[in-house]
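In what follows, a single structure is set out as structure tokens and then discussed.
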Amino acid sequence: MSSTKRLFTLKEISKHNSPGNIWIVVHGKVYNISKFITEHPGGEIPLFDKAGEDATEAFDNIGHSEEAKHLMKEYYIGDIYDDADM
């Protein structure tokens, strides 16, 4: 996990939606899951389906374990912000 918190717009995040370059948003936090996608216990497809998007609802609906939530910290790269507020 990076010690420097960055801010990203949804527009910027949406560009990261291809194999080897996958970002998702969960609860306002941005994760680069490019290296994790092949290790995902639920397979790659659910992650590809939400690549470059807010995956909060899908993440919460699955009911991930505390271990899974803790693992996410490794892939955290920053937070999302609404560029309309800038």
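Quick notes on this structure:
- Restricting attention to region 7-80, the count of lysine pairs at 8 or more positions apart or across chains with alpha carbons under 15 Å apart stands at 7.
- Amide H contacts of PHE8 (H built 1.01 Å from N, under 5 Å, at least 5 apart or other chain): ASP79, ILE80, TYR81
- Sites excluded, trypsin sites (Lys or Arg not before Pro) in DSSP loops with at most 14 other C-beta within 10 Å, longest stretch of the chain: 36-86
- For the chain, the mean residue ellipticity at 222 nm estimated from helices alone is -6500 deg cm²/dmol, where every DSSP H run of n ≥ 4 contributes -39500 (n - 2.57) and the total is divided by all residues, rounded to the nearest 500.
- The phi torsions of region 53-69, fed into the Karplus equation with coefficients 6.51, -1.76 and 1.60 and a -60° offset, translate into couplings of 10, 7, 9, 4, 4, 4, 4, 5, 5, 6, x, 5, 6, 4, 4, 5, 5 Hz, rounded to whole numbers, with Gly and Pro shown as x.
Each value in this text was obtained by applying a stated rule to the coordinates, not by laboratory testing. Model, not experiment: these values are computed from the prediction. FYI the Cβ positions are ideal-geometry reconstructions off the backbone, even for glycines, and counts take in every protein chain you see.
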